[in-house]
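Here the structure comes first, spelled out in structure tokens, and everything after it is commentary.
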Amino acid sequence: MSEPHEDTPEAQMARLILGLRSQGVTDAKVLKAIESTPRELFTPQLFKERAFEDSALPIACGQTISQPFIVGLMSQALKLDRRSRVLEIGTGSGYQTAILSKLARLVYTVERYRTLMREAEGRFKELGLTNVITRFGDGGEGWPEQAPFDRIMVTAAAPGEPTALLHQLKPSGVLVAPIGRGPVQTLRRYTGDGKGGFQVEDLIDVRFVPLLEGVAKEP
């Protein structure tokens, strides 16, 4: 009788990619970016054996590393190309940032927790990501000095329309963000019409931590 095949990281990743595809993440470039990004590097030691699960996992500062399906869906919804300059609100572990870095020309990412920012910067360096620019600050304010952006992704739930961020978007740009005050929010895509207005689409229900004002006070 032959021994059962070892459940290798490659096999676990293959299952994850198949699962994402079956849920509607079909953009080949997005799937390739996820496949080539070691999620275990962004996962706390306590949860490393769950790194290939399609689930959100806790990280420091009461935050989470997003579910791969949500990462894939939001990345796909941005309609990125290699010329895009992207603003990401909420660096967190840096996992979503790393995915974006493989799909865009430049990624500007803002984080309100200095601890998370420093840890993420270490991971970017380890992976050799040279097109990520970080900032410790209030994500709700965006990054006016670098605006306008081709794309903006918000990885925390805005209570209402993110007006300040929409003002930092190019006329035909795309912004994707969870919108809502309750435990369940709506993932919404704003697409500029080139004339100062936006086409607004509701994608799916999601659960994100809230987008908070200011920077965090840490011990």
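The values are calculated or read from the model by the stated rules, or taken from the named source; none is laboratory data. Note that this is a predicted model, so its numbers are computed, not measured. Here the Cβ positions follow ideal geometry from the backbone for every residue, glycine too, while neighbour counts run over all protein chains shown.
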Checklist outcome for this item: Going through region 191-219 in order, the residues found to be within 17 Å of Gly90 (Cβ to Cβ) and either modelled with pLDDT of 95 or more or in contact with a Gly (Cβ under 9 Å, 6 or more places away or on another chain) (or both) are Val206, Phe208, Val209, Leu211, Leu212, Glu213, Gly214, Val215
Next on the checklist: Given the criteria out of contact with any Gly (no Cβ under 8 Å at 6 or more places or on another chain) and among the aliphatic types (A, V, I, L, M), does Ala177 qualify?
Outcome noted: yes
Checklist entry - Name the residues in region 134-150 that are buried (at least 20 other Cβ atoms within 10 Å of the Cβ) and part of a loop (DSSP other than H, G, I, E, B), would you? => result Gly142, Trp143
Next on the checklist: Just checking, does region 38-54 include any residue being more than 19 Å from Gln168 (Cβ to Cβ), touching a Pro at 6+ places or on another chain (Cβ under 9 Å) and of a type in the set (Gly, Ala, Ser)?
Outcome noted: yes
Next on the checklist: Looking only at region 23-39, how many residues end up being within 20 Å of Glu121 (Cα to Cα) and surrounded by fewer than 15 Cβ atoms within 10 Å (Cβ to Cβ)?
Outcome noted: 1
Next on the checklist: Under 9 Å between Cβ atoms, which residue pairs at least 6 apart in sequence (or on different chains) link something in region 69-91 that is within 13 Å of Ile204 (Cβ to Cβ) with a partner that is aromatic (Phe, Trp, Tyr) and at pLDDT below 95?
Outcome noted: Ile70/Phe208
Checklist entry - So, of the residues in region 11-36 that are assigned to a helix (DSSP H, G or I) and charged (D, E, K, R), which turns out to be farthest from Lys102 (Cα to Cα)? => result Arg15
Checklist entry - Among Gln63, Gln96, which is the only one that is under 15 Å from the mean Cα position of the chain (by Cα) and more than 24 Å from Thr26 (Cα to Cα)? => result Gln63
